[in-house]
Amino acid sequence: MKVYLGGEAEVRIHENEVEKIRRQKRYRILELDEILRKSRTKTEAKIISIARRNGVPTPLILDVDGDKIVMERIKGEPVKMVMNTEVSREIGRMVAKLHRKGIIHGDITPMNLILSDNRIFFIDFGLSFIEDRVEPKGVDLHVYFESLKASFDNWRELREAFIEGYREYGGTEDVLIRLQQIEERGRYIERVEQTG
Ligand SMILES: Nc1ncnc2c1ncn2[C@@H]1O[C@H](COP(=O)(O)OP(=O)(O)O)[C@@H](O)[C@H]1O
Ligand SMILES: [Mg+2]
């Protein structure tokens, strides 16, 4: 068994199953923390299932118990290891499907995607929520593009391929326009930080 200790969760990888246990936040009052962890865990499991029903590959949920999700283990390669324009285009298509259902993933990065059986599995819905507005959708894309910049020299073509896939599956122009505005806000903040 392999164990990942992230900021939010402890993830235990077994041969065919994965247990994801949301960790206690010590700065929060214990009873409140317990309530929040349980409700976040429920939401995460629910959104994983909704995504799957709508044609976005996600692990099958086997059990939800308090702050723990037991799910199918997806055997494949983290997208980080196998990224190319075809992969990025397919990610764009799947994100469009999520957005059409009002699902914001919240953490689309190459470590939270697994290529298995020629399909892209979305695995980490720990920050996801349902909201049918342009702003969080734009932020969703922004997070993905920032993660591309951090990891790949050819991030520009990966980004273009993603946008093509996103449009192909019904991703809307208002989201792409908002993305541009979000990026301009980011550049403005960078300039202010540089010049004081
Ligand atoms: N269902 C799964 N199948 C295979 N690997 C998984 C699965 N869920 C998580 N993992 C692995 O565990 C890591 C951490 O899980 P993740 O859900 O991303 O937790 P965190 O919120 O701590 O990032 C992932 O990057 C992935 O490598
Ligand atoms: Mg993760």
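Things worth noting here:
- Across the stretch 108-124, the number of residues qualifying as under 10 Å from SER147 (Cβ atoms) and near ligand 2 (Cβ under 7 Å from one of its atoms) comes to 2.
- Residue satisfying all of: in the stretch 31-63; among the acidic types (Asp, Glu) and part of a helix (DSSP H, G or I); surrounded by the fewest Cβ atoms within 10 Å (Cβ to Cβ) among these: GLU31
- Odd one out for GLU90, checked against (1) more than 22 Å from ILE69 (Cβ to Cβ); (2) in contact (Cβ under 8 Å) with a residue 60 or more places away in the chain; (3) in contact with an Asp or Glu (Cβ under 7 Å, 6 or more places away or on another chain): (3)
- Looking only at the stretch 27-58, residues that are at pLDDT 95 or above and more than 16 Å from LEU127 (Cα to Cα) come to 6 in all.
- Selection status of ARG133, away from ligand 1 (no atom under 16 Å from the Cβ), at pLDDT 95 or above and either over 15 Å from the mean Cα position of the chain (by Cα) or crowded, with 17+ Cβ neighbours inside 10 Å (or both): yes
- Selected residue (criterion: farthest from ligand 2 (Cβ to nearest atom)) from residues of the stretch 11-43 that are under 17 Å from the mean Cα position of the chain (by Cα) and among the charged types (D, E, K, R): LYS42
- Here SER151 fulfils each of the conditions (1) among the polar types (S, T, N, Q); (2) surrounded by 20 or more Cβ atoms within 10 Å (Cβ to Cβ); (3) within 16 Å of ligand 2 (Cβ to nearest atom) apart from (2).
- Just one of (1) over 17 Å from GLU157 (Cα atoms); (2) within 16 Å of ligand 2 (Cβ to nearest atom) fails for GLY66. It is (2).
The values are calculated or read from the model by the stated rules, or taken from the named source; none is laboratory data. All figures in this text were calculated on a predicted structure; none of them were measured in a lab. Heads up, the Cβs are rebuilt from the backbone with ideal geometry, glycines too, and the neighbour counts pull from every protein chain shown.
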